[in-house]
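The values are calculated or read from the model by the stated rules, or taken from the named source; none is laboratory data. For clarity, every value in this text was computed on a predicted model and none was experimentally measured. Cβ: placed from backbone, ideal geometry, glycine included. Neighbour counts: every protein chain shown.
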């Protein structure tokens with residue numbers, strides 16, 4: 001009951017309640033606001049601007065630099081496990097910053113997409129249709145909180161591991177701060193790293209979960225649209241003119257769906273492309289760390305991290321495959337409608353519309369490769385190639401030997 005009061009959009013409304021598809025991205029848009037990439041509200045203009053500067057300076061801009069500078073400054077002092085723990089996160093932090101900048105530049109597309117969802121909602125007249133949208137909205141918000149839980153669990157687990165080990169796991173570079181010199185500087189370093197990583201995780205949730213949130217609601221509307229197509233021409237009391245108008249309205253509905261997809265396509269294309277570039281390498285480094293170097297605390301943190309990395313692409317790639325099937329289902333639904341007894345004008349328009357419906361909705365990663373389960377498997381398999389290469393070259397044994405000699409000396 002407490003959760004229902006705090007997060008009502010996580011729960012399915014009754015079919016009597018009006019449909020509000022934009023609620024499927026309710027908590028997503030609130031977290032994007034917390035990211036500091038929205039237009040500052042007039043009432044809290046200064047406070048929001050200051051928060052945006054602090055959040056993005058620490059997580060978006062400085063954190064990638066801090067990782068790189070830390071390697072240059074303290075590379076010889078890092079153990080193999082510490083280096084891999086830091087390196088796997090560093091690659092993901094660099095891609096996270098790139099995705100945040102893409103979302104920041106194209107944030108208006110989210111508002112436009114929600115406006116188009118409002119148009120779709122106005123076409124819902126049956127209680128069963130509204131119920132389907134309510135179910136999609138609640139599922140979308142629950143998935144968002146699953147993402148948030150996994151990502152924040154990783155950030156918190158690494159912070160706790162750092163406290164137990166008595167040294168910061170990432171060992172980022174902060175000017176005039178030497179965590180080895182005193183306990184309070186160690187605490188400050190750990191706190192700064194946790195704040196930056198928690199902010200990056202929040203940003204990553206928004207940058208990775210928005211395609212899932214939007215497409216889940218879209219699939220609900222496409223399912224309703226398929227039923228609407230299947231019912232075309234089923235009313236014997238309709239005149240030929242009314243039947244034709246119903247078909248034209250369905251064509252307009254399809255155009256609305258395509259406008260919604262085109263609105264999101266530039267953002268999805270950029271963020272997924274950036275993630276595809278490094279997902280195999282990041283997973284490979286994480287596997288090496290877990291199998292060869294990590295202690296119990298680091299291994300648990302690495303498992304949370306691996307789960308988070310897999311969540312960045314896999315759910316949306318699965319949805320893209322389902323979306324293709326939904327498009328073919330639309331064509332089947334139109335063909336199953338009562339069109340044989342229609343007039344010639346109705347049949348010609350329907351055949352043209354059928355050809356359009358047979359063209360599946362596809363998302364591309366920067367026009368380089370399709371976003372699908374097949375592509376996700378290909379880029380993920382690269383992680384095993386990285387792991388195999390390290391094993392064959394005995395890099396782990398060499399690093400352990402060098403580390404042992406350093407400890408002996």
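Per-structure values
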item	result
Test: residue 304 is under 30 Å from residue 170 (Cα atoms), at pLDDT 90 or above and under 21 Å from the mean Cα position of the chain (by Cα)	no
Scope the stretch 283-319; condition farther than 30 Å from residue 162 by Cα and free of Cβ contacts under 8 Å to residues at least 60 places away in the same chain; matching residues	317, 318
Filter result (over 12 Å from residue 69 (Cβ atoms) and surrounded by 13 or more Cβ atoms within 10 Å (Cβ to Cβ)) within the stretch 165-176	165, 167, 168, 169
Count of residues meeting criterion [at pLDDT below 90, surrounded by 19 or more Cβ atoms within 10 Å (Cβ to Cβ) and in a helix (DSSP H, G or I)] in the stretch 307-345	5
Residue check for residue 251: in contact with a helix residue (DSSP H, G or I) (Cβ under 6 Å, 6 or more places away or on another chain), more than 21 Å from residue 66 (Cβ to Cβ), assigned to a helix (DSSP H, G or I) and free of Cβ contacts under 8 Å to residues at least 40 places away in the same chain	no
Matching residues, the stretch 214-245, being surrounded by fewer than 22 Cβ atoms within 10 Å (Cβ to Cβ), assigned to a loop (DSSP other than H, G, I, E, B) and in contact (Cβ under 8 Å) with a residue 40 or more places away in the chain	231, 233, 234
Residue match in the stretch 181-194 (condition: farther than 15 Å from residue 31 by Cβ, touching a helix residue (DSSP H, G or I) at 6+ places or on another chain (Cβ under 9 Å), at pLDDT below 90 and not in a helix (DSSP H, G or I))	no
Odd one out for residue 160 among (1) surrounded by 17 or more Cβ atoms within 10 Å (Cβ to Cβ); (2) modelled with pLDDT under 90; (3) in a helix (DSSP H, G or I)	(1)
Hey, residue 134 closer than 30 Å to residue 19 by Cβ and in contact with a helix residue (DSSP H, G or I) (Cβ under 8 Å, 6 or more places away or on another chain) or not	no
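Conditions tested, residue by residue: (1) touching a helix residue (DSSP H, G or I) at 6+ places or on another chain (Cβ under 6 Å); (2) farther than 30 Å from residue 231 by Cβ.
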position	(1), (2)
272	no, yes
278	yes, yes
330	yes, no
347	no, no
360	yes, no
379	yes, yes
383	yes, yes
